[in-house]
Amino acid sequence: MVRRGMRRVLDSQADLEVVCEAADGVAAVELAERFRPDVALLDVRMPGLDGLEVTRRLAGPEAVVPVKVVVVTTFDLDEYVYPALRYGASGFLLKRAGPSLLVEAVRAAHNGDSLISPSITVRLLRQVVDAKRETRVLAEPLTEREIEVAGKVAEGRTNADIGAELFIGAGTVKTHVAAIQRKLGVRNRVGIAVWAHEMGYSTRLPS
């Protein structure tokens, strides 16, 4: 029922097409390797392989041809959120987030952005902001522009938003984001946001 509902939502969008469905984690990996979708939506709890392990195989460092992953779950638990993001998930949504956010998350993942349910994002970043951490010494420091972009990422801005604010193209922003991820050694925009908050480069938490 959940899959049918998600399919109806996604198929109703002119720019989105559902190419396959899987009833369990093993089939999800096999179908992803066969069809090479741009984005995979995964539940956390699935038979065979759970969504976290499937995320690791599709989006983790060992993935031969990485697939963007958005995890969609009923369970707002740190034991699911942190591993999913560590394994390379581009988004983490609660099923109650609604159809609009689901569509937005798929588009964001495809465009190289990340979308995480607002309640989860705020909790993650507040935990980091409130914690006392040692300053990370980078082997290759960020440029002034990259620091500026990192701060905007931490404020929840998309590449298009950042480009408009800084008067540069979205493609240039994407290049900066990739360079920041490489220098920080993080896999996604959440890692950038955490670092920017630790360093005080963001002026506000995302709403």
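Classify the range 1-77 as rounded, prolate or oblate from the Cα gyration tensor: take a ≥ b ≥ c as the square roots of its eigenvalues, call it rounded if a/c is under 1.5, otherwise prolate when a/b beats b/c and oblate if not. The shape class here is oblate. Per-residue surface analysis assigns H197 an accessible area of about 30 Å², computed on protein heavy atoms at 1.4 Å probe radius. A Gaussian network model of the chain, with springs between Cα atoms under 10 Å, assigns the largest mean-square fluctuation among P141, P37, P83 to P141. Please work out whether the range 150-203 counts as rounded, prolate or oblate from its C-alpha gyration tensor, where a ≥ b ≥ c are the square roots of the eigenvalues and a/c under 1.5 means rounded, while otherwise a/b larger than b/c means prolate and anything else oblate? Note, shape of the range 150-203 comes out oblate. Considering only N111, N188, N159, the mean-square fluctuation computed in a Gaussian network model of the chain, springs between alpha carbons under 10 angstrom, is largest for N111.
Summed over qualifying helices (DSSP H, 4 residues or more, each -39500 (n - 2.57)) and divided by its residue number, the chain shows a 222 nm mean residue ellipticity of -16000 deg cm²/dmol. Among V106, V67, V26, which one shows the highest mean-square fluctuation when the chain is modelled as a Gaussian network with alpha-carbon springs under 10 Å? Evaluated over the chain, the most mobile residue of the options is V26.
By a 1.4 Å probe calculation restricted to protein chains, L49 has an accessible surface near 30 Å², given to the nearest 10.
Between Y82 and D15, what length comes free when the chain is fully extended (0.36 nm per residue of separation minus the Cα-Cα distance, one decimal in nm)?
Working: separation 67, 0.36 × 67 = 24.12 nm, distance 3.03 nm.
So the extension gain works out to 21.1 nm.
Extension gain for V26 to R8 (0.36 nm times residue separation, less C-alpha to C-alpha distance): 4.1 nm.
Pairs from the list K68/K95; K95/K174; K95/K152 with a Cα-Cα gap above 25 Å: K95/K174; K95/K152. Taking the protein heavy atoms of the chain in the context of the full set of protein chains, the accessible area attributed to carbon and sulfur is 52 percent at 1.4 Å.
With a sphere of radius 12 Å drawn around the Cβ of G60, what net charge do the other residues whose Cβ falls strictly inside it have (Lys, Arg +1; Asp, Glu -1)? Net charge in that neighbourhood comes out at +2.
The values are calculated or read from the model by the stated rules, or taken from the named source; none is laboratory data. All of these numbers come straight from a predicted model, not from anything done at the bench. So basically every Cβ, Gly included, is an ideal-geometry build from the backbone, and we count neighbours across all protein chains shown. When the accessible area is computed, the model is the full protein with side chains, heavy atoms only, and any ligands, DNA or RNA have been set aside. Shrake-Rupley method; radii C 1.70, N 1.55, O 1.52, S 1.80 Å.
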